[in-house]
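Participant: Please see the structure below; I have some questions.
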Amino acid sequence: EHSIQCMEVEKQFTGDGITTNALHQVNLKLKKGEFVAVVGPSGSGKSTLLSLLGTLDRPTNGEILYGEQSVSKMKVNEIADFRFENIGFIFQQFHLLPTLTALENVMVPLFSRRVPYNKKERALQLLEQVGLKDKLNSLPSQLSGGQQQRVAIARALIHEPHWLLADEPTGNLDSETGEVIFQLVSQLNKEKGCGVIFVTHDPLLAGRADRIIEMKDGEIISDAAGER
Ligand code: ADP
Ligand code: ADP
């Protein structure tokens, strides 16, 4: 049901009369709850693939299905609701709002929505799960990089998405902190059953996923099981 499927997905960018084929006939099926690494050189299409899977952008050709539902056929406002319900994002730069506390940052995604539960209760629970119970009222500037990424993870999970999409989540962290964040995401994947798709340049981290998708020049050149 919460699988994701790419069927003959193409993405072209055109600017200044130049067209770039960022993705070329990508076919892919991701199973519910899978923990997937996406690797490949710079410019190989990893971020583009992630943004299409995350419904932040649409393919030029081809289809992306979530379960039975075709994202390409949804209207813009339907996509926003769909994304809210299904997908959480974390990034290399944590993208926290600098004037809000950790707790407030985690609640941000809920403010634009009518949600039938206690926002603060949920945010507190998540911050505790990511190990930041004693940093609720800290501003991002008062937190280390690893702590800021924990806040971002809690924010991404606040609406219990079926998928967590991560673009270089450890890229801005020293390797020790990156390891801790990787383990946290891995643990949350197991506990909550939400699938994870993460882009990484680190082959050692990628090797520890359930599945490793390698890209080159806009194509998937290998799709193999990891050690997990
Ligand atoms: P990666 O994440 O693997 O570094 P990207 O998906 O960012 O690769 O980029 C794939 C290709 O598409 C590159 O050639 C890049 O320059 C191009 N590209 C990505 N986004 C855009 C965009 N918004 N406009 C034009 N070209 C883009
Ligand atoms: P990453 O660090 O994930 O590889 P990039 O630095 O490649 O990210 O890209 C950052 C952003 O810039 C992305 O949103 C991407 O779509 C956009 N982008 C990448 N290449 C181009 C390009 N040639 N022209 C315009 N936008 C681009």
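Participant: Take the Cα coordinates of the stretch 90-146, assign each an equal point scatterer, and use the Debye formula without solvent to give log10 I(q)/I(0) at q = 0.16, 0.23, 0.25 Å⁻¹.
Facilitator: Values returned for q = 0.16, 0.23, 0.25 Å⁻¹ are -0.49, -0.98, -1.12.
Participant: What distance in nm separates the two pseudo spin-label positions at residue 21 and residue 85, each 7 Å out from Cα along the beta-carbon direction?
Facilitator: For the pair residue 21/residue 85, the computed spacing is 3.6 nm.
Participant: What distance in nm separates the simple spin-label points at residue 1 and residue 172, each placed 7 Å from Cα in the Cβ direction?
Facilitator: 3.5
Participant: Could you tell me the ratio Rg/Rh of the stretch 17-56? Both radii from Cα atoms, Rh via Kirkwood.
Facilitator: Value, to two decimals: 1.00.
Participant: Compute the accessible area per residue over the chain, keeping the other protein chains in place, probe 1.4 Å, unit Å².
Facilitator: About 50 Å² of surface per residue is accessible.
Participant: For the chain, with all protein chains present and a 1.4 Å probe, just round the carbon and sulfur fraction of the accessible area to a whole percent.
Facilitator: The computed percentage sits at 48.
Participant: What is the spread of the Cα atoms of the stretch 166-228 along each of their three principal axes, largest first, in whole Å?
Facilitator: 30, 26, 18
Participant: Specify the inter-centroid distance of the stretch 136-175 and the stretch 208-228, based on alpha-carbon positions, in whole Å.
Facilitator: 24
Participant: Determine the shape class of the stretch 99-196: with a ≥ b ≥ c the square roots of the Cα gyration tensor eigenvalues, call it rounded for a/c under 1.5, and otherwise prolate if a/b is greater than b/c, oblate otherwise.
Facilitator: Oblate, since a/c reaches 1.5 and b/c is not below a/b.
Participant: Whole-Å semi-axes of the stretch 22-153's equivalent ellipsoid, largest first, each the root of 5 times a Cα gyration tensor eigenvalue?
Facilitator: Listed largest to smallest, the semi-axes of the stretch 22-153 are 31, 19, 13 Å.
Participant: Only Cα pairs under 8 Å and at least 6 apart count here; give the relative contact order of the stretch 127-210 as a rounded whole percent.
Facilitator: Values: 70 pairs, mean separation 24.4, N = 84.
Taking the mean separation of contacting Cα pairs over the length of the stretch 127-210, I get 29 percent.
Participant: Follow-up question, since we're still on this one. Could you grab the relative contact order for the stretch 7-52? Cα pairs under 8 Å, six or more apart, rounded to a whole percent.
Facilitator: Working: 44 pairs, mean separation 15.0, N = 46.
RCO, the stretch 7-52: 33 percent.
Participant: Take the residue pairs 32/73; 11/192; 32/190 and return only those whose Cα atoms are more than 23 Å apart. Each step should come with its number before you reach the end.
Facilitator: Values: 32/73 21 Å; 11/192 32 Å; 32/190 12 Å.
Over 23 Å apart, Cα to Cα: 11/192.
Participant: Continuing with this model, one more query. For the chain, what does the convex hull of the Cα positions come to per residue, in cubic angstrom?
Facilitator: Hull volume normalised by residue count: 134 Å³.
Participant: Using only alpha carbon pairs under 8 Å that are at least six residues apart, calculate the relative contact order of the chain and give it in whole percent.
Facilitator: 28
The values are calculated or read from the model by the stated rules, or taken from the named source; none is laboratory data. On a predicted model such as this, the values are computed, not experimentally measured, just so you know. Every residue, glycine as well, gets a Cβ built from its backbone with ideal geometry; the counts of neighbours run over all protein chains shown. For accessibility, only protein heavy atoms count, side chains too; no ligands or nucleic acids. Shrake-Rupley method; radii C 1.70, N 1.55, O 1.52, S 1.80 Å.
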